[in-house]
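Notes to accompany the following structure.
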Amino acid sequence: MDIRNVDVAIIGSGSAGLNARRQIEKDGGTPLLIESGPYGTTCARVGCMPSKLLIAASDIAHEIAGADRFGIDAGEWQVDGARVMQRVRSERDRFVGFVVRDTGGLPGEQRLIGRARFLESTTLQVDDHTRVESKAVIIAAGSTPVIPPPFDAIRGHVMINDDVFELETLPASLAVIGTGIIGLELGQALDRLGVRVTFFSPFDRLGPSTDPEVQQVVREVLSEELDLQLGSEMLTADPDDDGVRLRWRDAGGTEQEAHFERILVAAGRRPNLAGLALETTGLTLDERGRPAWDARTTQCGDAPIFMAGDVSAHIPLLHEAADEGRIAGKNSLLYPHVSAHIRRTPLAVAFTDPQIGMAGLRYDQLDLDQVEIGEVSFADQGRSRVMGKNAGIMRVYADRNRCEIIGAEMFGPRVEHMAHLLAWSAQQRLPVSRALEMPFYHPVVEEGMRTALRDLAEKLGITGECRCEDLARAPGT
Ligand SMILES: Cc1cc2nc3c(=O)[nH]c(=O)nc-3n(C[C@H](O)[C@H](O)[C@H](O)COP(=O)(O)OP(=O)(O)OC[C@H]3O[C@@H](n4cnc5c(N)ncnc54)[C@H](O)[C@@H]3O)c2cc1C
C-alpha cells in the first residue's frame, strides 16, 4: 500500500477539481488530484461542448429547411448523420485533447488514478493501492444521470447524454425521457436533424423557467414543433428487435404505444456522493446522505472537507463549478479560518431554439408583493421578425421600492446575450431608469428588452424620472 501525504486531496479532475488544484498550487500548497475515470471533464467530453456541437449542426439544418420562406430554394439536401456525428466527435475530441494533455502533463506527485473513498475525515483510500493523508479534502466528484423506472430495469437499452455523442449515425426515432435542459437541448437538435423524436414527462414543465407566463409561451411555441407527451405516465418499456417498445398513458388518460429505435433518459442528475463513505467522516448527513454545505465557503459543516461543482447540487453549471473549485482550493489551505465569498448573480441559458434564459432572481424566488414585472413579447419585435425568429417573451423583475433590476426570465431569439446583460444589471442592482439611459442600436433584439424595461418603468411609476429620449417608442422595436 502506497501512502501519500499532501496538503489537499481533491476527489475528481473535472472543471471544479482542476480549478481547485490550480488555486492550491498558486497559493503554495500541495494538491493531489484523484480521478477514477478518464481525464477530460464532463463539460468537454459529454456535456457543454459536444451538446453545443450537435446543436450547431441542427441550427444549419433548420435554417436550410426554412430557407423557402425567404425565397431561397435550397434544392435537394439531406442530413448525413454519420458525418454530423463524426464532426461532433472530432471537434469534441479536440476540446477533450487539450484538457487531457494539460491534466496528464501535471507533475506525477499531483496526480493519482483510482476511486477514492473516505476512511476518516482527512484520510482517503484510493482503490486498493494508495492511502492518502491530507490536511483537507475537496470533493469535486460531479454528478450522474438518474435512470427512473421502468428504464432502470433495461439500462442496457437506454442512452444517457454520454452515449448520444458516440452514435455512429442518427437513429430513425428517439424517445426523450425528461423535458429539462439536457433533454430539450439534445432532443430538439436531433429532431431538427431528421430524427422522429417524442418527449415524455409526467409533469407539464418544459425547461428551467419558473415563471408561469414564460412557461406558457415555451409550451405554445415548442409544441408547434415538437411531439410533446407532457403529463404522461410511462407504463412499460420492452426491448424488441430493433429498439424499445414504450407503452404510456397520455395526459388525457388514453393508453398509447410506439416503437423507438433509441431511448434517451434525461430525467435529472444526482451528486456522486454514494460510495464515498461520507459516514466515516463525522459529518452529519441528511436523509439523502448529503452534508450541510455553505455555498459562500464551499465548506461542509465545520470540517476540513469542501465540496465544489455538480456534486454540491447547488447550481450545476460550468462557471459555478469553476468558481466553487477556486473557492474550495483557497479555503482548503486557510482552514479553519475559511473566508466567505460573495457568489456571482445566477445566470443560466438553455440552448434550445428559441433559447431560454434566466438571470438574477427567478420568478419562484420573488416576493410578488415587493416586485413589478416588465414584459415584452418577441412575436412582433422588429429584428426578431426580420430574422423569422419572432417568438418568445421576456419578463424583467424589479424591486418595487428601490426600482432596481433584480432578475429576469426569458424565452426568445439569442437571449443568451440579453441574459448576460440582465444578470450584469441585477448584480449591480442597476435602477431601471439607469438601464434605459444605455444605448440601444437599431434594429436589434435588445430593443425588445428596452420595451420590457419601459413597461417596467411605467409599472413602477418612475417615468417622470426618465429622460424623454429614453421612453420614446418607435414601431417594431
Ligand atoms: C449534456 C450536458 C450539457 C451541459 N451543458 C452545459 C452548458 O451549456 N453550460 C453550462 O454551464 N453547463 C452545462 N452542463 C453542466 C456542466 O457540464 C457541469 O456543471 C460541469 O461539467 C460540472 O463539473 P464538475 O467538475 O462538478 O464535474 P465533472 O466534470 O463531472 O467531474 C467530476 C469527476 O469526478 C470523478 N469522480 C467521481 N467520483 C470519484 C471518486 N470516488 N474518486 C475519484 N474520482 C471520482 C469523475 O470521474 C469525474 O471525472 C452540461 C452538462 C451536461 C451533462
*Is it true that some residue in the range 180-196 is of a type in the set (Lys, Arg), touching an Asp or Glu at 6+ places or on another chain (Cβ under 9 Å), farther than 30 Å from THR298 by Cβ and more than 15 Å from the ligand (Cβ to nearest atom)?*
yes
*Limited to the range 148-189, what total is found for residues that are closer than 21 Å to ASP80 by Cα, β-branched (Val, Ile, Thr) and either free of Cβ contacts under 8 Å to residues at least 12 places away in the same chain or in a loop (DSSP other than H, G, I, E, B) (or both)?*
1
*Find all pairs meeting these conditions: Cβ atoms under 7 angstrom apart; at least six residues apart or on different chains; first residue within the range 266-281 and touching a residue at least 24 places away in the same chain (Cβ under 8 Å); second residue β-branched (Val, Ile, Thr) and in a loop (DSSP other than H, G, I, E, B).*
ALA267/VAL146; GLY268/VAL146; ARG269/VAL146; ARG270/VAL146
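Filter the range 305-341 for residues that are surrounded by fewer than 24 Cβ atoms within 10 Å (Cβ to Cβ) and among the charged types (D, E, K, R); which is farthest from ALA44 (Cα to Cα)?
Taking the range 305-341 as the starting set, the residues that turn out to be surrounded by fewer than 24 Cβ atoms within 10 Å (Cβ to Cβ) are 313-320, 322-323, 326, 330, 333-341.
Still in the list and also among the charged types (D, E, K, R): 320, 323, 326, 330.
Values: GLU320: 15, ASP323: 17, ARG326: 19, LYS330: 25 Å.
Out of the qualifying residues, it is LYS330.
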*Scan the range 256-281 for residues that are in contact with a Gly (Cβ under 9 Å, 6 or more places away or on another chain), within 26 Å of SER13 (Cβ to Cβ) and small (Gly, Ala, Ser) and jot them down.*
ALA266, GLY268, ALA274
*asked:* Take the residues in the range 396-436 that are aromatic (Phe, Trp, Tyr) and crowded, with 23+ Cβ neighbours inside 10 Å; name whichever of them is nearest to LYS459 (Cα to Cα).
replied: TYR397
*Just need a number here: residues in the range 64-106 that are touching a residue at least 60 places away in the same chain (Cβ under 8 Å) and among the hydrophobic types (A, V, I, L, M, F, W, C).*
10
*Do we find that ALA61 is surrounded by 16 or more Cβ atoms within 10 Å (Cβ to Cβ), farther than 27 Å from ARG131 by Cβ and either more than 25 Å from the chain's Cα centre (by Cα) or away from the ligand (no atom under 16 Å from the Cβ) (or both) in this structure?*
yes
*Tally time: how many residues in the range 102-147 are away from the ligand (no atom under 15 Å from the Cβ) and either assigned to a loop (DSSP other than H, G, I, E, B) or within 31 Å of the chain's Cα centre (by Cα) (or both)?*
5
*For the range 167-189, what are the residues that are more than 15 Å from PRO145 (Cβ to Cβ) and surrounded by fewer than 23 Cβ atoms within 10 Å (Cβ to Cβ)?*
LEU167, GLU168, THR169, LEU170, PRO171, ALA172, SER173
*From the options GLY253, GLY194, residue that is in contact with a Gly (Cβ under 9 Å, 6 or more places away or on another chain), small (Gly, Ala, Ser) and either on the phi > 0 side of the Ramachandran plot or in a helix (DSSP H, G or I) (or both)*: GLY194
_Here are the criteria: (1) in a loop (DSSP other than H, G, I, E, B); (2) under 17 Å from the mean Cα position of the chain (by Cα). Tell me which single one ASP323 does not satisfy._
(1)
_For PRO208, only one of the following conditions fails: (1) within 16 Å of the ligand (Cβ to nearest atom); (2) within 11 Å of ALA267 (Cα to Cα); (3) of a type outside the set (A, V, I, L, M, F, W, C). What is its number?_
(2)
*Count - residues of the range 416-444 that are within 15 Å of ALA348 (Cβ to Cβ) and either at pLDDT below 95 or touching a helix residue (DSSP H, G or I) at 6+ places or on another chain (Cβ under 9 Å) (or both)*: 4
_I'd like the full set of residues that are under 10 Å from GLY329 (Cα atoms), more than 6 Å from the ligand (Cβ to nearest atom) and in contact with a strand residue (DSSP E or B) (Cβ under 8 Å, 6 or more places away or on another chain), limited to the range 10-47._
ILE10, LEU18, ALA20, ARG21, ILE24, GLU25, GLY29, PRO31
*Please tell me if ALA423 is among the aliphatic types (A, V, I, L, M) and under 24 Å from LEU222 (Cα atoms).*
no
*Within the group ARG296, ARG288, which residue is outside any helix (DSSP H, G or I), under 21 Å from the mean Cα position of the chain (by Cα) and either without any contact (Cβ under 8 Å) to a residue 12 or more places away in the chain or over 29 Å from PRO354 (Cβ atoms) (or both)?*
ARG296
*asked:* Of the residues LEU174, LEU167, LEU106, only one is closer than 30 Å to GLY29 by Cβ and at pLDDT 95 or above; which?
replied: LEU106
_Checking the condition within 16 Å of the ligand (Cβ to nearest atom) and within 15 Å of ARG205 (Cα to Cα), which residue from GLY231, GLY275, GLY268 passes?_
GLY268
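Among the residues of the range 335-353, write down those that are in contact (Cβ under 8 Å) with a residue 24 or more places away in the chain and more than 16 Å from the ligand (Cβ to nearest atom). Walk me through it before giving the result.
Our first condition is that a residue be in contact (Cβ under 8 Å) with a residue 24 or more places away in the chain; within the range 335-353, this holds for 335-336, 338-353.
Correct list: TYR335, PRO336, VAL338, SER339, ALA340, HIS341, ILE342.
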*asked:* For the range 279-334, give me each residue that is acidic (Asp, Glu) and within 14 Å of the ligand (Cβ to nearest atom).
replied: ASP310, GLU320, ASP323, GLU324
*Taking the range 207-223 on its own, how many of its residues are outside any helix (DSSP H, G or I) and small (Gly, Ala, Ser)?*
2
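Could you check, for the range 361-369, whether at least one of its residues is aliphatic (A, V, I, L, M), closer than 19 Å to ALA452 by Cβ and out of contact with any helix residue (DSSP H, G or I) (no Cβ under 9 Å at 6 or more places or on another chain)? Don't jump to the end; show me each part of the working.
Restricting attention to the range 361-369, the residues satisfying the condition of being aliphatic (A, V, I, L, M) are 361, 366, 368.
Cutting the leftovers down to closer than 19 Å to ALA452 by Cβ gives us 361, 366, 368.
Within this subset, residues satisfying the condition of being out of contact with any helix residue (DSSP H, G or I) (no Cβ under 9 Å at 6 or more places or on another chain) are 366, 368.
Within the range 361-369 (the criterion being aliphatic (A, V, I, L, M), closer than 19 Å to ALA452 by Cβ and out of contact with any helix residue (DSSP H, G or I) (no Cβ under 9 Å at 6 or more places or on another chain)), the answer is yes, since at least one residue qualifies.
The values are calculated or read from the model by the stated rules, or taken from the named source; none is laboratory data. Because the structure is a prediction, the values reported are computed rather than measured. Positions of Cβ are backbone-derived with ideal geometry, glycine not excepted, and every protein chain shown enters the neighbour counts.
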